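Read-outs throughout are calculated quantities, based only on the coordinates presented, and are distinct from any laboratory measurement. All of these numbers come straight from a predicted model, not from anything done at the bench. All Cβ positions, glycine included, derive from the backbone under ideal geometry; neighbour counts span all protein chains shown.
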Amino acid sequence: MPEMLSLRINGATVRVANGTSVSAAMLIAGQPTRISVTGEPRGPVCGMGICFECRAIVNGMPHQRTCQLLCEEGMTVETNR
Amino acid sequence: MSPPSTTDVLVVGAGPAGIAAATAAAEHGRKVIVLDDNRKPGGQIWRDSSVIASPARSASGSRKQRAIDRLQRSGATLLSGHTVFSASASGQLETLRELATGSFAERFRFEQLILATGARERFLPFPGWTLPGVFGVGGLQALVRAGYSVAGKRIIVAGTGPLLLAVAAHLSHDGANVVAVIEQAALSSLIPFAASLWRQPSKLLQGAQYRASLSSASYRTAAWVAEAIPATDGRSLSAVRITDGKRTWTEPCDLLACGYHLVPNTELAELIGCTLQRGFVQVDEQQRTSVPNVFCAGEPTGIAGLEAALLQGEIAGRACAGVATASLRSRANKEQAFARGLARAFALRPELRQLPQPGTIVCRCEDVAFANLQHPSGWADIKLQTRCGMGPCQARVCGPAVEFLLGSKPSSVRQPLYPVPLHALTATTEHAPEPFKVEPESIHKVEETA
């Protein structure tokens, strides 16, 4: 079994396997990664860092490409609005 | 920014082409640095699970490991997590590193440059394609490898290209219920391609294995997704409307993976001034581009897959070291014939141009609807009037879509190639801060996307 870690996504605690990307964690949590300029919820699309739909706020820093970031213990992630 | 790192050969991209190029150049005595955007080497085709160190279950796993081991033994330096945002033919290149402690720009100087920047999926707009739950084909596979479980989920895999069956097979192996694989190409165009593979039995066998592992899924050719239908919550998928041009039917599902084959990542080559031919970087027999000391290998020179990437990479690496490459050329040419077969078999049907409705978003970064793109003429006009292509993806998604829908190809590539926060340009990873010349348009871009 992989080692598990906890992070907070939009205020809720989510437990994921070590090595999970932040994009994958947000999908598991059912949370959109960002809200588009006209207010639509969006999630990751390309999985490889080019579409920028997976941008979210990670540890207070907005516009982080979450498909290129791995979850860390205690990380806070919020939908980019 | 810190003082530049200097090397003989700088390789951009650590997929198969970049790994082969770097290994060959280093084994022949060149000092080599490889820069890669991803956390781990291997590129997209050799992407492993980041969650569980699974034992190699396919030949590509062990082959990948052998290639990476050999790269390490060659003495080449691999720098992962480096996104190239700027470069010039005069021998300088800049990267961005995004760390937990902040973003840092770094500079490299090189004598020779090998571009092995790979390809990305082509996405085409249709009503509902911006819903969460709609992914690329390679995109969903990458997310699964990054820890997203698809076990028990009903998935439709659609679009075009050899990736469809491969990904459907992997998703099914991971416990997904692959309801249908929807390929837009007609069987009549796929058969000549399949028949041509008798010369390459390994490719034929692989296709047959994928098909066999998908016994429960229906495989439809000459059909395509016309609409993704949202669930009542408006933020997930409930079904997909599929059509063959005459008949239309609805298939309930949880996720849709939809991608239309691949487009080459030529932005860096274009920035440096390399000549393109029909959308691909033009190279000679030794993978030299039109710019002196700049080579290109793999998908940017033509979508030809793994074997071509490995051969072209090795040719480019050897050429940088002044070593003969002729022995590899005929094999590389054979793979290029495979590429032409791929392009013919999976050519996009014109009906796909009719999919976007007036309100369908084409540019996902700026939410530009299809109706707004009807009047401007040419890419520059489109950008000026609608902001299409001016978001952080810098037209990597909407550019190929607009080119297919309206025939306007993104006209100019500008640096930074990726959004760079201003503080990254002033921060130093070491001491001795150096002034960094930022072009006015770069500042504009940074502010726009920050």
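The table below lists the values:
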item	result
In order through segment B:382-394: 3J(HN,Hα) via Karplus (6.51 cos²θ - 1.76 cosθ + 1.60), integer Hz, x for Gly, Pro	4, 4, 4, 7, 10, 6, 4, x, 9, x, x, 6, 6
Convex hull volume per residue for the protein assembly as shown, taking Cα atoms only, in Å³	142
Measure of compaction for chain B (Cα Rg per 2.2 N^0.38 Å)	0.98
Disulfide-incompatible cysteines by the Cβ rule (no partner under 4.7 Å) in chain B	B:Cys253, B:Cys258, B:Cys274, B:Cys296, B:Cys320, B:Cys365, B:Cys393
Folded to 0 to 90 degrees: helix B:326-345 orientation relative to chain B principal axis, Cα	30
Kirkwood Rh and Cα Rg combined as Rg/Rh, segment B:57-195	1.04
Residue exposure sequence - B:Tyr260, B:Tyr210 - by fewest surrounding Cβ within 10 Å	B:Tyr210, B:Tyr260
Cut-off under 5 Å, modelled amide H: who pairs with B:Phe295 long-range	B:Leu113, B:Ile114, B:Leu115, B:Thr289
Nearest 10 degrees, 0 to 90: helix B:187-196 Cα axis against chain B principal axis	50
Cross-link pairs B:Lys153/B:Lys203; B:Lys40/B:Lys383; B:Lys40/B:Lys203; B:Lys40/B:Lys153 - those with Cα-Cα distance over 31 Å	B:Lys40/B:Lys383
Chain B, relative contact order [Cα under 8 Å, separation at least 6], %	20
Candidates B:Ala158, B:Ala180, B:Ala17, ranked by Gaussian network fluctuation over chain B, Cα under 10 Å, top entry	B:Ala180
For segment A:54-70, Karplus couplings with θ = phi - 60° (6.51, -1.76, 1.60), whole Hz, Gly/Pro x	8, 4, 9, 8, 10, 6, x, 8, x, 6, 8, 6, 6, 6, 9, 10, 8
Three principal axis lengths of segment B:123-260 [C-alpha, angstrom, descending]	51, 38, 25
Interchain or long-range residues, amide H under 5 Å from B:Val368's placed H	B:Val362, B:Cys363
Loop sites in segment B:242-311: trypsin sites (Lys or Arg not before Pro), DSSP, at most 10 other Cβ within 10 Å	B:Lys246, B:Arg247, B:Arg278
Sequence of B:Leu271, B:Leu10 once ranked by neighbouring C-beta atoms within 10 Å, starting from the fewest	B:Leu271, B:Leu10
Amide proton proximity set for B:Leu237, modelled H, under 5 Å, gap of 5+	B:Ala231
Global geometry of segment A:4-79, whether rounded, prolate or oblate, following the gyration tensor of its Cα atoms and the 1.5 cut on a/c	prolate
Helical contribution to [θ] at 222 nm, DSSP H n ≥ 4, -39,500 (n - 2.57), averaged over chain B, rounded to 500	-9500 deg cm²/dmol
Hydrodynamic radius (Kirkwood) for segment B:356-406, which is based on Cα pairs only, to one decimal in Å	10.4
Rounded to 10°, Cα long-axis angle of helix B:163-173 versus longest principal axis of chain B	80
Phi to ³J(HN,Hα) by Karplus 6.51 cos²θ - 1.76 cosθ + 1.60 over segment B:403-410, Hz, x for Gly, Pro	4, 6, 6, 10, x, 9, 8, x
